[in-house]
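Participant: The following block contains the structure, expressed as structure tokens.
What follows is calculated from the coordinates using simple rules that are stated; it is not laboratory data. Everything quoted here is computed from the prediction, not taken from an experiment. A quick note on method: Cβ atoms are made from the backbone with ideal geometry, for glycine too, and the neighbour counts reach across all protein chains shown.
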Amino acid sequence: MTTTWVPVSEGSDFPIQNLPYGVISHEGSGLEPEPAVAIGAYALPLGRLTDTGALDLALHAPLPGDVFHGGRGSFPYFRTTTLNDFLAAGPSTWRHVRQTVTDLLTDERHRAVVEPLLVPLEEATTHLPFAVADYVDFYSSEHHATNIGRIFRPDSEPLTPNWKHLPIGYHGRAGTVAVSGTEVIRPCGQRKAPAESMPTYGPSRRLDIEAEVGFVVGVGSTIGTAVPTSAIRDHVFGVVLVNDWSARDIQAWEYVPLGPFLGKSFLTSISPWVVPLAALETAMTAPPLQEPAPLPYLADAQWGLDLAIAVHLNGEVVSRPPFRELYWTPAQQLAHLTVNGASLRTGDLYASGTVSGPERRQRGSLIELSWNGAEPVTLTDGSTRSFLEDGDTVSITASAPGADTSRIGFGAVTGTVRPARP
């Protein structure tokens, strides 16, 4: 079992088997935003680590037992304010850096050099970990899509005819993807309730959440060339949690015939730490049975992920969506979004869509949990919610089984609703 000299409490999101990447700053030590790795209750700034020369070990392939003795290094990827340069470097560099950081944090001989660089997470400020190039959101949970279909089309088949043939998605707005902790300003727009004869303008009355999982592209692709499901590890670096805030009343009025627009584009929140795919190998699982069998370019047998998600509303868990139930896998989503020749770029983010399970307490949005307001959610303080009120705080967390019986956490994606601005 791999162990670290850094103290890591039991149940920590960030054991040595995880090592997620983010961007932090630290006022106390004068640290400006730079890439970092989380370990236990600390962050290791990788720019400062580079300056010690320690990361040169990754470039020069040290022999077993080599010990770092200090000296200014030349490793190029972390003297920046985002992870993008590192993401673009590709799987070989990802593996080398992960192994080197693991060695530095597990071998006591490196402790004297590395330990003084550690920053307590509670004192650090987290930033958007990568510059988002494009954002695509899918609609890949059969349970979620079925619930939405039953709510809005009670006399029809809940799934559209194409749903089990392709991963449905839409192109979102990269510029409003923000890091956890960013305030959620209640959006304004046109709304028209069924009983109203004309639309009105004003703050959304039906602000909702969507508990999702996002995938971060590191290596781009050439325009005109599709990426097969088998190549996901060549392009996708890691995973974040996503809350795709949704104004359901604005969305309902605008979405015919072209789909989500202003009801979605005002804010999408992501967790501050990108968990590498390398940390999630133990969480790989077969997805649900797909019938009918998908077309050959979507063939994928093993890219389900066993992630346990929890949705917290004002500190209370109101839902536990199981990601393993997702019908269309991340590999299939990647293959589909490129099958027409659309290219990938470093920093692309694509999200799963709302994750829901078969049980009521596994629904990943309030519109499902409250059945569009007909069955409000009752909190332990006696208050009820159909949709979000100003002042509400939503936090989404998740965990997955890791190597050595460890638990891989993602850090929370959190947002507090603030009143609409005039």
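Participant: Pick out, from ALA211, ASN372, LEU241, the residue whose Cα sits farthest towards the positive end of the charge dipole of the chain, with +1 on the Cβ of Lys and Arg and -1 on the Cβ of Asp and Glu.
Facilitator: ASN372
Participant: Okay, next question. Would you mind giving the three semi-axes, in whole Å and largest first, of the ellipsoid equivalent to the range 264-346 according to its Cα gyration tensor?
Facilitator: Over the Cα atoms of the range 264-346, the ellipsoid semi-axes are 26, 19, 14 Å.
Participant: Continuing with this model, one more query. If you plug each phi of the range 4-16 into the Karplus form 6.51 cos²θ - 1.76 cosθ + 1.60 with θ = phi - 60°, what whole-Hz ³J(HN,Hα) values come out, in order, with x for Gly and Pro?
Facilitator: 10, 6, 6, x, 10, 6, 4, x, 4, 5, 10, x, 4
Participant: Another question about this same structure. Starting from the Cα-Cα distance between THR125 and ARG360, subtract it from 0.36 nm times their residue separation and give me the gain in nm to one decimal.
Facilitator: Working: separation 235, 0.36 × 235 = 84.60 nm, distance 3.59 nm.
Additional length available on full extension: 81.0 nm.
Participant: Under a point-charge model restricted to the Cβ atoms of Lys and Arg (+1) and Asp and Glu (-1), what is the dipole moment magnitude of the range 135-418 relative to its Cα centre, in debye to the nearest 20? Please report the intermediate quantities before stating the final value.
Facilitator: Values: 21 positive and 28 negative charges, 73 e Å.
So the magnitude is around 340 debye.
Participant: Give me, ordered by chain and number, the residues 5 or more places off TYR350 or on other chains with an amide H under 5 Å from its own placed amide H.
Facilitator: Here the answer is VAL136, PHE215, VAL217, since their amide H atoms fall under 5 Å of that of TYR350.
Participant: How far, in degrees from 0 to 90, does helix 91-106 lean away from the longest principal axis of the Cα atoms of the chain, to the nearest 10?
Facilitator: 60 degrees
Participant: Shifting gears a bit: Would you mind ranking HIS171, HIS235 so that the residue whose beta carbon has the fewest other beta carbons within 10 Å leads the list?
Facilitator: Neighbour counts put them in this order, fewest first: HIS171, HIS235.
Participant: Given the Cα-Cα distance of THR380 and ARG79 and 0.36 nm per residue of separation, how much length would full extension add, in nm?
Facilitator: Numbers: separation 301, 0.36 × 301 = 108.36 nm, distance 4.73 nm.
Answer, rounded to one decimal: 103.6 nm.
Participant: Between LEU83 and residues 5 or more places away or on another chain, which pairs have amide H atoms under 5 Å apart, with H built 1.01 Å from N, and which residues are they?
Facilitator: Counting only residues 5 or more places away or on other chains, the set is PHE130, ALA131.
Participant: Residue by residue, what Karplus-based ³J(HN,Hα) values in Hz, rounded to whole numbers, does the range 373-381 have, using 6.51, -1.76 and 1.60 with θ = phi - 60° and x for Gly and Pro?
Facilitator: Using θ = phi - 60°, the values come out as x, 6, 10, x, 7, 9, 8, 5, 7 Hz.
Participant: Here's a follow-up. Over the Cα atoms of the range 1-49, what is the Rg over Rh ratio if Rh follows Kirkwood?
Facilitator: Radius of gyration over Kirkwood radius for the range 1-49 works out to 1.00.
Participant: Moving to a separate point now. Whole-Hz Karplus ³J(HN,Hα) for the range 201-216, in order, using 6.51 cos²θ - 1.76 cosθ + 1.60 and θ = phi - 60°, x for Gly and Pro?
Facilitator: Using θ = phi - 60°, the values come out as 10, x, x, 4, 9, 9, 7, 10, 10, 9, 7, 9, 10, x, 10, 9 Hz.
Participant: What nm value, rounded to one decimal, do you get for the distance between GLN190 and HIS171 when each label is placed 7 Å out toward the C-beta?
Facilitator: Distance between the two pseudo-spin positions: 2.2 nm.
Participant: While we're on this one: Evaluate the relative contact order of the chain (contact order divided by residue number), counting alpha-carbon pairs under 8 angstrom at least 6 apart; express in whole percent.
Facilitator: Details: 1035 pairs, mean separation 86.5, N = 422.
Rounded, it is 20 percent for the chain.
Participant: Further question on the same structure: Quick one: which residues, 5+ away or cross-chain, put their amide H under 5 Å from the amide H of TRP245? H built at 1.01 Å from N.
Facilitator: GLU210, SER269
Participant: Answer with a single label: of [x] 22.3; [y] 27.2; [z] 25.2, which was calculated as Kirkwood radius over Cα pairs in Å from the structure in view?
Facilitator: Read-out taken from this structure: [x].
Participant: Helix 142-152 versus the longest principal axis of the chain: what is the Cα-based angle in degrees, 0 to 90, to the nearest 10?
Facilitator: Compared with the principal axis, the helix lies near 30 degrees.
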